Amino acid sequence: MSLKKNDEMDHNAWLKRQDLTVIETAFLTTLIWVDKRLRIVDYLELLETMYYRANLQMPKSHTEQYDLDNKFWYWYPLYSLGSLSIIAYLVAAVSGAMLGFYYSPSTAGAAAQGDPTAAYDSVVMILQDVQFGFMLRSIHSWAAQFMVAAVFLHMLRVYFTGAYKEPREVNWILGVVLIGLTLFFGFSGYVLPWKQLSFWAAQIGVEMALATPIVGEWAAQLLFGGFTLGQATLVRMYILHVFVLPFVVTSLIALHVGIVWVQGIAEPH
Amino acid sequence: MTDDNEPMTDGGTDEDARTDGGPPATVPPDDETPTWSERKERSQGLAQLTYQYFERSRREDEDLRAESTYVERDVLGFPAWPHETIRNLAITSFFIGMLIFIAALMPPHFGHPANPGSTPAIILPDWYLYWSFGLLKLNPLNPQLAVLDGNILLGNEFLGIIAHGIVFGAIGLVPFLNKGSARRPVEEPFWAGVGVTGVVLSLTLAALAIQNFFPFELDLLVTLTFLLPVLCGIITYAVLKTMREGYMYDLNRRYYMLRPPK
């Protein structure tokens, strides 16, 4: 018996035994070289498994299965409104975070009634001095408009295709809550620049709160920081807009999408 | 050794459960100790009901699957991944491109600083709150009761808030009122009519909110605000009801033959 080491897994010998082209040899040599150091085969196997799992999970779609309509594709944009609102929300979040670097929620600095406040001035600064600031505010504003529009149209799509029916009632109610929060998101953002229309929109908000019996005054204190508008209102709207609502809305969206994920998309029958 | 008969911690004097000189042995399982399957079955209370329901629904699923004539799984909705996600990302990225394009083309207007001293002639929220603002302008509808010497019962703003509650409540109730497996508007002309009524109502309420933009008689506007949606709803109902027969023939031929409605 030879004492010479007998390598069962002598890949180079195996390579030589085979009749390979130059390209194949180069590829295998590289693969073996890398694999000896990093054991990428394990990861490749993992990838392969994932690939097959993903492919196994692709049943025929509803429309394919029942041959419902070969022109179904023109409804697709309506079915993407939910994700459009999420993506618009993400765009608004990123641009909003950047705007937040420069914005200051303060009503200080107005010598007389109607003078620009610190908040107003900071927005003017964003518009005029900050590099790309004008575009940033424009994108933030339009992202909000897109999100609200997409959310409304998404609700109409769900209504008219009966997608809210039996197993999905909870998600419909969650969606109604999300619409309300989206509108409040928009409202609180509308107040922040503290321009003339912001102020009077907030004034209507306070009056609405105060008109409500029993909880009205408490709600006015909580949301607007008092019965007349001022520094407290602006700070509360700011905190609601950049801290409270983002957390609440993001987690509700995650829940909303999670339920859709579990239940599957309701295509029209 | 010395005191074998000394009571154990549980009060008994069990000779068998004691090894030579050692500490008391572990008490062996008797007949009353539940086996693992018994533990899993949860023989009492809410836990039992939960277990039974899970077993039932699992069996129901299996039966349905066995009865099904389809080779594929019984599709009630198709997977979010990958169909929907990939398709949505493609369409959505187009719309995000549009967003940035529009943002560059039409930057939003920036008004004058806030002045608590002067009320502007036109107060308006963003367009998506016009319907809500319209609900606040329903004061012509507020009942003026003779018994109260023509005083109003509710504040005008509180009326608007009640209207908001009614709107959100009605939308939330929809899935509990409309049941069944019908999906397309033609299959349910009534509910399609209700939907169109709601959409048009939101538009007319928006028109009510910006009433001071155009010279229009207020009473007529308030009447139209509620009449127009109902009218549109009725028209939708009539049209869909007429379309229904021919459409359902098609649907029945294609689809319900394969999958009869409940």
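The values are calculated or read from the model by the stated rules, or taken from the named source; none is laboratory data. Please read all numbers here as calculations on a predicted model, not as lab measurements. Every residue, glycine among them, receives a Cβ derived from its backbone with ideal geometry; neighbour counts consider all protein chains shown. Just the protein is used for accessible areas: all its heavy atoms, side chains included, with ligands, DNA and RNA removed. Shrake-Rupley method; radii C 1.70, N 1.55, O 1.52, S 1.80 Å.
Of all residues in region A:91-111, those satisfying the criterion of being among the aliphatic types (A, V, I, L, M) and more than 9 Å from chain B (Cβ to nearest Cβ) are A:Ala92, A:Ala93, A:Val94, A:Ala97, A:Met98, A:Leu99, A:Ala108, A:Ala111.
When the residues of region A:227-236 are filtered to those that are in contact (Cβ under 8 Å) with a residue 60 or more places away in the chain and within 26 Å of the chain's Cα centre (by Cα), the one that is least open to solvent (accessible area, probe 1.4 Å) is A:Leu234. When A:Val249, A:Val176, A:Val257 are checked against the criterion of being more than 9 Å from chain B (Cβ to nearest Cβ), part of a helix (DSSP H, G or I) and closer than 27 Å to A:Ser141 by Cβ, A:Val249 stands alone in meeting it.
Scanning region B:130-176 for residues that are crowded, with 16+ Cβ neighbours inside 10 Å and touching a Gly at 6+ places or on another chain (Cβ under 7 Å), we see that the one that is modelled with the lowest pLDDT is B:Leu138. If you take the residues in region B:182-240 that are away from chain A (no Cβ under 13 Å), in a loop (DSSP other than H, G, I, E, B) and without any contact (Cβ under 8 Å) to a residue 24 or more places away in the chain, which one is least open to solvent (accessible area, probe 1.4 Å)? That would be B:Phe214. For beta carbons closer than 7 Å, sequence separation of 6+ or different chains, a first residue in region A:74-87 that is at the interface with chain B (Cβ under 8 Å from one of its Cβ atoms) and a second that is among the hydrophobic types (A, V, I, L, M, F, W, C) and part of a helix (DSSP H, G or I), the qualifying pairs are A:Tyr76/B:Ile91; A:Pro77/B:Ile91; A:Ser80/B:Ile91; A:Leu84/A:Ala150; A:Leu84/B:Phe95; A:Ile87/B:Ile96. Run down A:Phe132, A:Phe146 and say which single residue is facing another protein chain (nearest Cβ under 7 Å) and either out of contact with any Pro (no Cβ under 7 Å at 6 or more places or on another chain) or modelled with pLDDT under 95 (or both). Exactly one residue qualifies, and that residue is A:Phe146. The residue list A:Val215, A:Val206, A:Val177 contains one member that is modelled with pLDDT of 95 or more and either open to solvent by 40 Å² or more (accessible area, probe 1.4 Å) or on the phi < 0 side of the Ramachandran plot (or both), which is A:Val177. Can you pull out every residue in region B:109-141 that is within 7 Å of chain A (Cβ to nearest Cβ) and either in contact with a His (Cβ under 8 Å, 6 or more places away or on another chain) or not in a loop (DSSP other than H, G, I, E, B) (or both)? The answer is B:Pro113, B:Tyr128, B:Leu129. When A:Ser61, A:Ser95, A:Ser2, A:Ser104 are screened for being open to solvent by less than 60 Å² (accessible area, probe 1.4 Å) and modelled with pLDDT under 80, only A:Ser61 passes.
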